[in-house]
Amino acid sequence: MLLDQHGRVVNYLRISVTERCNFRCLYCMPEKPFSWVPKENLLTFEELFKFVKITIDEGVNKIRITGGEPTLRGDLSTFIKMIHDYKPDVDLALTTNGYLMPLYAKEYKEVGLKRINMSLDSLKPDVVNKIAKKDVFSEIIKGIEASIEAGLRVKLNTVPMKGINDGEIIDLLEFAKSKKIPLRFIKYMENQHADSSLKGVQSDEILEVISKKYNFKKVEKDNNSPAQYYELEDGYQFGIIEPHKDDFCKTCNRLRLTAEGFVIPCLYFDEAMSIREHVRAGDIDAAANVLKEILRNKPEKNRWANSENESSSRAFYETGG
Ligand code: SAM
Ligand code: SF4
């Protein structure tokens, strides 16, 4: 079992398999300038898997593949299959912008993917275009449908932003409800790669908008979920993820691994250690020691929890959000 020095059990690994993306979301990526990590610095799936096995052997039972846009990495289904075949009962999930899911949903499901989280920030094609800086609305919707049809369990993620999509909170909720899939509103997290004029919407503001149309009650928080869920009278549940809240970190059960081989103890913190040379040299003991060291250094709280105005220098497209 992986236990950090604050008594939290770490059983969840998020793997960012690429920092590249086919979108340029306002809250995540600058349009330019861009300097991608050189290809030779990226770990192969075999190399990433060497570290994944260590974590599974130590008790990790939930793995999420993310990015950048993970579906851009060629042959992602090979990596999904490697993890599934090693431990079929691992809760294996993917976070994607959905654009390529009409192409891949069935294939990923067949090799062992169980769940998928997809970003949907607006139901208006021109607003989606403004946020993603690409005309992608119809492909995203097709991606949602293809994923449901393939039998994947789907959740939707929305980042509400003032003056951009904050007028669509009810519409997005009702869209997800009509598809019978949960929607989570993610509070915009300040970071130095996003558009500097962006302003997020607080959880209280989101709840106030919803309360004008629906009665709902707070659901007891599941320690394994970053979201606080709420239930409408008809039983439909939606969630809010707000890393600024003080209790967000209390139940943190996760570590992050980047495509370059950095193990990151906290989404916010810049501290990270590399396993790249160890897995390339086949030195599994050294990679396992990095894991132990990272657990020792896992901070008690992220810095957003200390101040609303904190801004992370680490890019979401690099860490996988
Ligand atoms: N490309 C995939 C996608 O968009 O779903 C996966 C990677 S993306 C970095 C993972 C998640 O991070 C997405 O749900 C996205 O909305 C969220 N995200 C990115 N930047 C964010 C920010 N500044 N604040 C809050 N959430 C953010
Ligand atoms: Fe790409 Fe996802 Fe970042 Fe949007 S949020 S730019 S889709 S990595």
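The values are calculated or read from the model by the stated rules, or taken from the named source; none is laboratory data. Computed from a prediction, not measured in an experiment: that's the story for all the values here. No Cβ is skipped: glycine too gets one built from the backbone with ideal geometry, and neighbour counts run over all protein chains shown. These area figures cover heavy atoms from the full protein model, side chains too; ligands, DNA and RNA do not enter into them. Shrake-Rupley method; radii C 1.70, N 1.55, O 1.52, S 1.80 Å.
Within the range 15-43, residues that are within 15 Å of ligand 1 (Cβ to nearest atom) reach partners that are aromatic (Phe, Trp, Tyr) and in a loop (DSSP other than H, G, I, E, B) with beta carbons closer than 7 Å, at six or more positions or on different chains, in the pairs 19/36; 20/36; 22/99; 27/188. Would it be correct to say that residue 127 is closer than 19 Å to residue 26 by Cβ and within 13 Å of ligand 2 (Cβ to nearest atom)? For residue 127, the condition - closer than 19 Å to residue 26 by Cβ and within 13 Å of ligand 2 (Cβ to nearest atom) - is not met. Out of all the residues in the range 1-37, which are polar (S, T, N, Q) and within 22 Å of residue 318 (Cβ to Cβ)? Those that are polar (S, T, N, Q) and within 22 Å of residue 318 (Cβ to Cβ): 16, 18, 22, 35. Residue count for the range 215-228, restricted to those that are surrounded by fewer than 17 Cβ atoms within 10 Å (Cβ to Cβ) and either aliphatic (A, V, I, L, M) or part of a loop (DSSP other than H, G, I, E, B) (or both): 8.
Residues of the range 8-31 that are over 14 Å from the mean Cα position of the chain (by Cα), outside any strand (DSSP E or B) and more than 9 Å from ligand 2 (Cβ to nearest atom): 8, 10, 11, 30, 31. Among the residues of the range 273-299, those identified as assigned to a loop (DSSP other than H, G, I, E, B) and crowded, with 21+ Cβ neighbours inside 10 Å are 275, 298.
Out of curiosity, is residue 53 farther than 24 Å from residue 249 by Cα and open to solvent by 20 Å² or more (accessible area, probe 1.4 Å)? Yes. From the list 74, 67, the one residue that fits, being within 27 Å of residue 132 (Cβ to Cβ) and more than 16 Å from ligand 2 (Cβ to nearest atom), is 74.
Against the numbered list (1) more than 30 Å from residue 38 (Cα to Cα); (2) in a loop (DSSP other than H, G, I, E, B), residue 267 comes up short only at (1). So for the range 157-169 (the condition being closer than 30 Å to residue 61 by Cα, more than 16 Å from ligand 2 (Cβ to nearest atom) and surrounded by 16 or more Cβ atoms within 10 Å (Cβ to Cβ)), does at least one residue qualify? Taking every residue of the range 157-169 in turn, none turns out to be closer than 30 Å to residue 61 by Cα, more than 16 Å from ligand 2 (Cβ to nearest atom) and surrounded by 16 or more Cβ atoms within 10 Å (Cβ to Cβ).
On the stretch given as the range 23-44, residues that are in contact with a Phe, Trp or Tyr (Cβ under 9 Å, 6 or more places away or on another chain) and open to solvent by less than 30 Å² (accessible area, probe 1.4 Å) total 5.
Number of residues in the range 229-240 that are open to solvent by less than 30 Å² (accessible area, probe 1.4 Å) and over 15 Å from residue 154 (Cβ atoms) equals 3.
Scanning the range 80-110 for residues that are aromatic (Phe, Trp, Tyr) and within 15 Å of ligand 1 (Cβ to nearest atom) gives 99, 104, 108.
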